[in-house]
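The values are calculated or read from the model by the stated rules, or taken from the named source; none is laboratory data. In this text, all values refer to a predicted model and were calculated from it rather than measured experimentally. Methodologically, a virtual Cβ is constructed for each residue, glycine included, from the backbone with ideal geometry; neighbour enumeration extends over all protein chains shown. For the accessible areas, the whole protein counts, side chains as well, though only heavy atoms, and no ligand, DNA or RNA atoms are used. Shrake-Rupley method; radii C 1.70, N 1.55, O 1.52, S 1.80 Å.
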Amino acid sequence: MHTVWKGAISFGLVHVPVKMFSATEDKDVSLRYIHKACGSPLSYVRKCPVCDKEVAWEEIGKGYEYEKGKFVIFDKDELDALTEESTKNITILDFVDLKDIDPIYFQKTYYLSPDQAGAGAYRLLMEAMRQTGKIGVAKISIRSKSSLAAIRVLENCLSIETMFYPDEIRPVSQVPSLPEAGAVNDKELDMAKLLISQLSTPFEPEKYTDDYRKRMLDLIASKVAGEEIRIAPARQETNVIDLMAALQASIKAVQHVPSDPGTSPGAVAAKPRKAAVGRKKAAPKDSGEPAPGAGADGSAAANEAAVPLPDADPVIAPKPKRRSAKSKQTVS
């Protein structure tokens, strides 16, 4: 792993030298802009509109636009002086319970490992936090960006999650078109709670996959192989008008589907077998031979003989349509 940051965790007078590593990675499929005429990738050019020329990195500074078209300019030394002291330490301010922090505050997760001779202090802090069940709220600066952070124990490692400051969280009152407070239909509420109960299961992150990324990679592989691609149209969704009917249909659907997609079909309880529907057959003539399905003594099986067959036209299931070679190439 690439070291993102080096410094020390400080709580009280204790300092724990640590290195920081990114705990997550972005696996989005990256697409570049291409010139359709010749197929060449396009590049971004740093060009000054006034001087009408490309600008090299060493000629570029930073500035803040305090009024339209007016900037205050900073050079690298001025910016480095602002962050020189704060970038060396992760200062724990308080220890709190994890459940007291709303997930909206969390940004990105990093791993912390002991640096130099800090293994003993690292192990001490980790074990103390593990036994007290607390997490540390700290301040940290990474690449000149100051953030709140939460330090916690993750398996046998200290992790740190950067957090937004409270004034960076937009208030819910700014969200448009929120429904006003009011009573809900009791029957619909009971059905919704039942549906939640049916879908409730322990969190198993490994069973969730990025379906879009998989389809994109399959499409890329097909194009590289020179196959003809045709995208199947998406099914049109309709607006739900009858809320109760939608809830009942949802509950009926989940009752026949295991909550864990990895569950084998054999683990699902078998549905009760329905009796065959057809016309009543006339009793077979006494020909001296046992009727089909009868035992050696000429009598039918007990479970079959006990079910009377109603008068009804026989139901004939339609034969499944064969997929054409063209439809097999369709990428859904």
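Enumerate the pairs (first residue in region 1-12 and more than 14 Å from Gly118 (Cβ to Cβ); second residue anywhere and at pLDDT below 85 and not polar (S, T, N, Q)) with beta-carbon separation below 6 Å, excluding pairs fewer than 6 apart on the same chain, so at least 6 apart or on different chains.
Trp5/Ile142
Return the residues of region 154-186 that are closer than 20 Å to Lys6 by Cβ and either hydroxyl-bearing (Ser, Thr, Tyr) or part of a loop (DSSP other than H, G, I, E, B) (or both); say none if nothing qualifies.
Once the filter is applied, which keeps residues that are closer than 20 Å to Lys6 by Cβ and either hydroxyl-bearing (Ser, Thr, Tyr) or part of a loop (DSSP other than H, G, I, E, B) (or both), region 154-186 yields Ser159, Thr162.
Can you pull out every residue in region 192-223 that is free of Cβ contacts under 8 Å to residues at least 12 places away in the same chain, assigned to a helix (DSSP H, G or I) and of a type in the set (S, T, N, Q)?
Ser197
Taking Lys27 and the conditions (1) within 30 Å of Lys214 (Cβ to Cβ); (2) in contact (Cβ under 8 Å) with a residue 24 or more places away in the chain; (3) touching a His at 6+ places or on another chain (Cβ under 9 Å), which numbered condition does it fall short on, given that it satisfies the others?
Looking at each condition in turn, Lys27 falls short on (3).
Pick from Leu178, Leu189, Leu148: which is aliphatic (A, V, I, L, M) and touching a residue at least 12 places away in the same chain (Cβ under 8 Å)?
Leu148
Having 3 or more residues that are open to solvent by less than 80 Å² (accessible area, probe 1.4 Å) and either of a type in the set (Phe, Trp, Tyr) or in contact with a His (Cβ under 7 Å, 6 or more places away or on another chain) (or both) is the bar; report the strands (runs of 3 or more DSSP E) wholly within region 68-153 that clear it.
106-114
Any idea how many residues of region 1-46 are more than 30 Å from Gly120 (Cα to Cα), within 27 Å of the chain's Cα centre (by Cα) and among the β-branched types (Val, Ile, Thr)?
Counting residues in region 1-46 that are more than 30 Å from Gly120 (Cα to Cα), within 27 Å of the chain's Cα centre (by Cα) and among the β-branched types (Val, Ile, Thr) gives 1.
Being out of contact with any Lys or Arg (no Cβ under 9 Å at 6 or more places or on another chain), closer than 25 Å to Lys108 by Cβ and not in a loop (DSSP other than H, G, I, E, B), is that true of even one residue in region 44-57?
Looking through region 44-57, none of the residues is out of contact with any Lys or Arg (no Cβ under 9 Å at 6 or more places or on another chain), closer than 25 Å to Lys108 by Cβ and not in a loop (DSSP other than H, G, I, E, B).
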